[in-house]
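Trainee: Before we start, here is the structure in question, set down as structure tokens.
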């Protein structure tokens, strides 16, 4: 597929296009399916967790590439041989590295990845609580810069400019209340 | 000739852009109103000039002028007109012109419609827009010019990537770009606020419609892209956690957080510093979305222009805009002064929690998308972060968000009563339980998680509806007064209803389609039958068929359930003649909100057809919910208070006197 194109970029574009083409049909072919439905279901489940390494960002369950087919067959072979799911994963990572796993394993290298949501949430919550509390404390210790009458007048002014539909002006703003 | 006019227009636009970014800012600095007032005029000129450039690009594509390199590479004379036109933005160079044109459009709209803005804020905002446009034009002219000529001119083009020859993908980029670029205004407003020091409820009110417009388009663009992937890529998934999808999801999440936090700022003058940061982040993520796709850093099926040299320039631009704005923010945000107060149980606090969860979700997607890159750069380890990671982390964040969603509108500003809110949501909670029970009955006690999902979706919908019912007091007053009260509710209330209920509908769609899908893979001959879910598919015919620029192998199926015919569905494998690229053209038959989805596998010489058939219950609710949410955005936008330039006439001051009588 690479030899036909002369320009580098055209080549890249066509590779992308061909990859899209190659990967563009749901993969599992009828002849791959195992007779034992339980094993087949496990195989499908495992396939969804494994990456097709020639297509970008597709699991071998989705990919139509020959490599993905080979991997699917390996998965089924191992299952038929009696491997547990974990053993299948280990078998494949021993050969293809962690790259093949779509769900990264929790290691020192991926700790930050897995903790990121928790860290961001807790950090954010901490900052937010702190900011809100400090604001309230500041306000409590400071005298209100406006008198009560001024506050009412202000809130009326704010309310007056708020969200009301413009019907014909029947009354002037109710200054008398 | 047309290409040269376009090229010239781009150069002219660059000159205008330089003026638009420099003169108004200088005016702001010297408090020179004449200079500041130049900004709207220059933005108008920019719009016209960019319009000419974009029109020229469309014209050379429509005319199939293959002496233009861009047309030669991305078009073919046999393509129908709509795809010849969409080919104009279905490539890197053209999409950059569309991007810049949209940018100019937004600046022009701003100068035309916000007459009530303070002059200096408007001038500074438009100047920042000009600066963005200038940078993009420089990028286009130096590295990605779509108007370059070929000599000698080829007789025929290379054809647009066949996957892109689809009406969904013809419309997907423009929608997405309007969304991305719409956030540029929020960014420009934020930078202008930091420069001028003007930040108050008026600022929030001025920015909010633009954020909403951007969000609506982004929502529709993402929904369309997702639906396209669903029917075109052929395995019936609708979201893949592909880096490019993530790139569009991040600004959407940030934008969703932004238009919620802007409400707080507008109503209560709180969360100002955070809102500014979100505005900057939303556009920064949009820029990343636009650029990471094209830089080749995140290789994926979408990267139709993979070019490492451009990547460097792109990274420089990214760091300039993101770094620059964040530096300005760090320097100036502290001087903005304190905002409004609120208790930990109030609508402000609820919206703060919404923002916290959405920001965490954004960060999760960000980390998940970029972590493999970072790890590879620092340690040579190659890992993949795929759907299992995102489903787990992102899903875990969306559950509390959905759970809290109905509570927000029920809490009062400043100081709310959680117990009262919970009481008002009792009916919704009851309905949610009923929904789960019905779900359990229909699916004969389906998976617990799915039932919880149904309950959650129903709770969100029912919660949104109860809010409106309670606000209009529909159940406790006479129908006439209730109806008039309903009509008197601000449109924004209905926007919230549609938006929140849309998310609930979306949730139910996601849960049904992912848990109760059935799949059958078989090889069929004509006349044979297979069953999928409760349905039976009979292959009635298969054979070749020719299209304008492609050749199909089509298979037709009759669909029955319990012997009753439900219709006919066709599915095809397609080969585009010019590039010999194969695609799948899947067939769908809609039944209720679900779809019967048929994709073809191998078609053998002996007449055997590989068939994958799926029954996807309620799958259409996924997109229906998103469209509903976008409609909610439109509804909010039409709220009188936000209608751009509409004079706000006081009337509420009358109301107290009426009730006092």
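No value in this document is a laboratory result; all are computed from the given coordinates. This structure is a prediction, so every number in the text was calculated from the model and none was measured. Cβ placement follows ideal geometry from the backbone for every residue including glycine, while neighbour counts extend to all protein chains displayed.
Trainee: Label 7 Å along Cα→Cβ of residue B:483; region B:460-475 residues with amide nitrogen under 15 Å?
Mentor: Inside the label zone: B:474-475.
Trainee: Then there is this: Quickly estimate the mean residue ellipticity at 222 nm for chain B, helices only: each DSSP H run with n ≥ 4 gives -39500 (n - 2.57), and the total goes over all residues, rounded to 500.
Mentor: Working: 21 runs with 417 residues, N = 661.
Computed mean residue ellipticity for chain B: -21500 deg cm²/dmol.
Trainee: Hey, quick one: spin label on residue A:36, modelled 7 Å out along Cα-Cβ, who in region A:59-96 has an amide N within reach, i.e. under 13 Å?
Mentor: Those under the cut-off are A:76-85.
Trainee: Taking only the alpha-carbon atoms of region B:166-408, what semi-axes of the equivalent ellipsoid follow from 5 times the gyration tensor eigenvalues under a square root, in whole Å, largest first? Could the numbers behind the result be given before it?
Mentor: Values: eigenvalues 183, 90, 65 Å².
Working from the Cα gyration tensor, I get semi-axes of 30, 21, 18 Å.
Trainee: When the Cα centres of region B:520-573 and region B:1-47 are compared, how far apart do they sit, in Å?
Mentor: 58
Trainee: How big is region B:594-633 in terms of Cα radius of gyration and Dmax, in angstroms?
Mentor: 16.6, 54
Trainee: Just need the relative contact order of chain B here, percent rounded to a whole number, with Cα pairs under 8 Å and 6+ apart.
Mentor: Working: 1194 pairs, mean separation 73.9, N = 661.
Rounded, it is 11 percent for chain B.
Trainee: Compute the Rg to Rh ratio over region B:518-616 from the alpha carbon atoms, using the Kirkwood formula for Rh, and round to two decimal places. Don't jump to the answer; show the numbers that get you there.
Mentor: Numbers: Rg = 13.4 Å, Rh = 13.6 Å.
Taking Rh as the inverse mean 1/r over Cα pairs, Rg/Rh reads 0.98.
Trainee: Please give, to one decimal in nm, the separation of the simple spin-label points placed at residue A:135 and residue B:404, each 7 Å out from Cα toward the Cβ.
Mentor: Placing both labels 7 Å along Cα→Cβ, they lie 1.5 nm apart.
Trainee: Using the alpha-carbon centroid of each, what span in Å lies between region B:321-392 and region A:72-101?
Mentor: 36
Trainee: Sticking with this one: Looking at the calculated P(r) for the protein assembly as shown, what percent of the C-alpha pair distances fall above 34 Å? List each step's numbers first, then the result.
Mentor: Working: 196730 of 350703 pairs.
Counting pairs separated by more than 34 Å, the tail of P(r) holds 56 percent.
Trainee: Between residue B:541 and residue B:34, what is the label-to-label distance in nm when each label sits 7 Å out along the Cα-to-Cβ direction?
Mentor: Simple spin-label model gives 7.7 nm for this pair.
Trainee: What is the log10 of I(q)/I(0) for chain B, computed with the Debye formula using one identical point scatterer on each Cα and no solvent, at q = 0.06, 0.09, 0.12 Å⁻¹?
Mentor: Taking Cα atoms of chain B as identical point scatterers yields -0.38, -0.85, -1.38.
Trainee: Counting alpha carbon pairs within less than 8 Å and at least 6 residues apart, what relative contact order, in whole percent, applies to region B:166-408? The partial results should precede the final answer.
Mentor: On the way: 303 pairs, mean separation 51.5, N = 243.
The value is 21 percent.
Trainee: I would also like to ask the following. Give the separation of the Cα centroids, region B:577-641 to region B:128-203, in Å.
Mentor: Distance between centres, Cα-based: 28 Å.
Trainee: Sorting B:530, B:265 on the 10 Å Cβ count, fewest up front, what's the list? Mind dumping the intermediate values first?
Mentor: Numbers: B:530 17, B:265 27.
The fewest-first ordering by Cβ neighbours comes to B:530, B:265.
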